[in-house]
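Each remark here refers to the structure printed beneath this line.
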Amino acid sequence: MIQIGKKPSLKGRLLLTLLLPLCAILLALGASGAWLVHRVVEAASDRVLSGSLQAVSETLAMEGGYLTLDLPPSALGMLENADRDNVYYNVSYRGKLITGYPELSVISHAMPLEEIEFRDSTFRGIPIRVASEARLVPQLNSPVIVQVAETTKNRTALANRMLTALGMGELLLLITIAILVFQAVDWGLKPLSDLRTEVEARSHQPDINFAPLPLSLVPQEALPFVSAFNSLLGHVETAVETLRRFTSDASHQLRAPLTVVRTHVELLQRHSDASPEMRGAVSDIYQAVRSLQHLIIQLISLAKAERPSDDATGQFDLVECTAATASTYASRALAENMDLSFETAFETLPVAGNPIFAGEMIANLLDNAIRYGRTGGHIVVRIAPDQGVLEVEDDGPGVPVKDRERVFERFFRLPQNQDREGSGLGLSIVQALGRRMAAVIDLQTPAGGQGLKVVIRFRPALA
Amino acid sequence: MRLLIVEDDAALSRAIIKVFRSQGLAVDHVSSGRDALEIVKMEPYSAMILDLGLPDMDGLQVLKTIRQAHFNIPILILTARDATTDRVVGLDQGADDYLSKPFEVAELEARVRALIRRGQGNPEPTLHLGNLKLDRASGAAYVCDQLLELTKRERAVLETLAVRVGNVVSKARLNAEVFSYDDQVAPNALEVYIARLRRKLEKSDIEIVTVRGLGYLLRVAK
């Protein structure tokens, strides 16, 4: 998994670079939007207010030396609204109130005729909007000033509703973009995550596949990285192959001189006229040559086990293979006074893999059991009733639980066995061969509480 | 009897020559494939030890050429390669036996001896195991030169185990060797014969060991 946390996140970066300017834009948009809303609401409400004002001023007339005014219900009715704004009015002449609410301040300055003026004011502490008009009435030489006012509840509410809608819209936009960024990053990274799946799948294969990653999957931006990775893969493959070939070649080359030494030492051992010192020395050389030979053979085995090839596929009879391998170790076990026995829950048991590999695994386990087991002890090779499970069990000193991982490492040997002959490669070979056949190997303590039980679980053969 | 050794490693050749000369064999040695093909026509060799890694040609090619010329000389292949495929190819192309380096001298001696005998059409007429002597022609068995009284089936069991001394012989294999198809065989018949044989071999240093689950193994007790 990709580590989230202190690692730089593409999404984070993208969001940061995208959302900060976006917020600024939205803020500016909001500010101008609010201004516009205010203007629109004011203009619309003022138009109604002016309509109401004109309806009142139309009725001004002089009748018998008196200024008369009719208040048509429609004039004030058009100002009625859901928020029940209060409506006030007054009429003044030359700065003196003639009729209406005295709390509406009277305009005493000169006003242009036939033009409606608007202003904000307060009426008993409540904000109001006032429309005023100066109108000439026949028989009067100064204009009469009519004012109509309404409280601003309705227009404020309207403006608030519109501002809320604007704010909601902007928020929605912000969230949508954030979600889109996340999805776009995921979508954009999809080819890379496909590549990751491919790389991960390879690391679980018994033989690492060093073939270059397919570039067809790779987005253009990641191409240089993947190309570099591919060339690294190539280098690693060459290095691994060189190492394998070296191990194998070197071991093969060592065999020839070793054969010469061994053959001559065996001939020397036959000479009866040698002194006791000479015999001792020859015997020591012989032992050393034998352990060197064992080591070389194990090295070749390991190199072969780790070399990729297709022969790990197929199927074979585990019972037959195990019995045949165990049979070849019977006389060695007997020579060490050990009791080797074979138990099987099946007559035949087809499993997946290669019988030569499996035989070599069992041979290495038996070699270990005889080499490191208890003289006079028991070795049991068992095909368990569970499908495809093979067990090799001894009652020797066993492997301490803390070392059960490490014994699979090359050349690792338990301290208790340092003075015994052995290469330290047996279990590495078993593991490498097991991996090739996808068999699982587990070290356990036998039911008796003493010794070592190696459990190999083979895959069932394909029907 | 004459033995031909084809081996390019001089030091190893000297050792092998010494081994077989000490046994009274006439030994010739060449170190190239071409020389081997020349000399094999000239002398009636009883057997040939052939190294696969020769300087001038592949040992398998030498083997093929000899077999194509219809020489029936028994050939043992000696090689530092041990891949199973090499072994199969070698035996397919007419080798009689195969030994990979490094080998045990005693093993090489035994295999060459067997090859020579087989070439003479006389495979191991008498088996000597400790103080047991088994005459395969007559079927008679002796312990310390005293004839053992054995039934036909006991003799069959003993012989089957003796020719594979030191190796486990499975019960199925023994049953197949000892009983014919129409024999009415009790399930424990084999165990009975083994038990009787063990009693009769008490005075010998031969031991028949039961390897549980696998079969029986005959060995010379130390």
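The values are calculated or read from the model by the stated rules, or taken from the named source; none is laboratory data. Nothing here was measured: the structure is a model prediction, and the numbers come from that model. When we count neighbours, we look across all protein chains shown, and the Cβ atoms used for this are built from the backbone with ideal geometry, even at glycine. Ligands, DNA and RNA are stripped out before the accessible areas are found, and what is left, the full protein with its side chains, is counted by its heavy atoms. Shrake-Rupley method; radii C 1.70, N 1.55, O 1.52, S 1.80 Å.
Is one or more of the residues making up the stretch A:332-350 under 45 Å from the mean Cα position of the chain (by Cα) and more than 10 Å from chain B (Cβ to nearest Cβ)? Yes, the stretch A:332-350 has at least one match.
Scan the stretch B:164-200 residue by residue and report those that are open to solvent by less than 60 Å² (accessible area, probe 1.4 Å) and outside any loop (DSSP other than H, G, I, E, B). Listed by number, the residues that qualify are B:Val168, B:Val169, B:Leu174, B:Asn175, B:Val178, B:Ala189, B:Leu190, B:Val192, B:Tyr193, B:Ile194, B:Ala195, B:Leu197. Residues that are of a type in the set (S, T, N, Q) and open to solvent by 90 Å² or more (accessible area, probe 1.4 Å) were ranked within the stretch A:167-223; the one that is nearest to A:Ala34 (Cα to Cα) is A:Gln183.
The one condition from (1) surrounded by fewer than 20 Cβ atoms within 10 Å (Cβ to Cβ); (2) closer than 22 Å to A:Asp317 by Cα that A:Ala358 does not meet is (1).
Among the residues of the stretch A:233-267, those that are surrounded by fewer than 17 Cβ atoms within 10 Å (Cβ to Cβ) and within 14 Å of chain B (Cβ to nearest Cβ) comprise A:Asp249, A:Ala250, A:Gln253, A:Pro257. Residues of the stretch A:408-450 that are basic (Lys, Arg) and either within 19 Å of A:Val389 (Cα to Cα) or not assigned by TED's automatic domain parsing to the domain that holds A:Glu391 (or both): A:Arg435, A:Arg436. Restricting B:Asp51, B:Asp58 to residues that are surrounded by fewer than 22 Cβ atoms within 10 Å (Cβ to Cβ) and either touching a helix residue (DSSP H, G or I) at 6+ places or on another chain (Cβ under 7 Å) or more than 14 Å from chain A (Cβ to nearest Cβ) (or both) narrows the list to B:Asp58. With the stretch A:44-110 as the region, which strands (runs of 3 or more DSSP E) entirely inside it contain at least 2 residues that are in contact (Cβ under 8 Å) with a residue 40 or more places away in the chain? The strands (runs of 3 or more DSSP E) meeting that bar are A:61-63, A:87-93, A:96-100. Return yes or no: is B:Val168 aliphatic (A, V, I, L, M), touching a residue at least 60 places away in the same chain (Cβ under 8 Å) and within 25 Å of A:Ala335 (Cβ to Cβ)? So B:Val168 fails the test.
Scanning the stretch A:287-308 for residues that are more than 10 Å from chain B (Cβ to nearest Cβ) and either surrounded by 19 or more Cβ atoms within 10 Å (Cβ to Cβ) or touching a residue at least 60 places away in the same chain (Cβ under 8 Å) (or both) gives A:Gln287, A:Ser291, A:His294, A:Leu295, A:Gln298, A:Leu299, A:Leu302, A:Ala303, A:Ala305, A:Glu306, A:Arg307, A:Pro308. Against the criterion of being out of contact with any helix residue (DSSP H, G or I) (no Cβ under 6 Å at 6 or more places or on another chain) and either free of Cβ contacts under 8 Å to residues at least 60 places away in the same chain or not assigned by TED's automatic domain parsing to the domain that holds A:Ser428 (or both), A:His271 qualifies.
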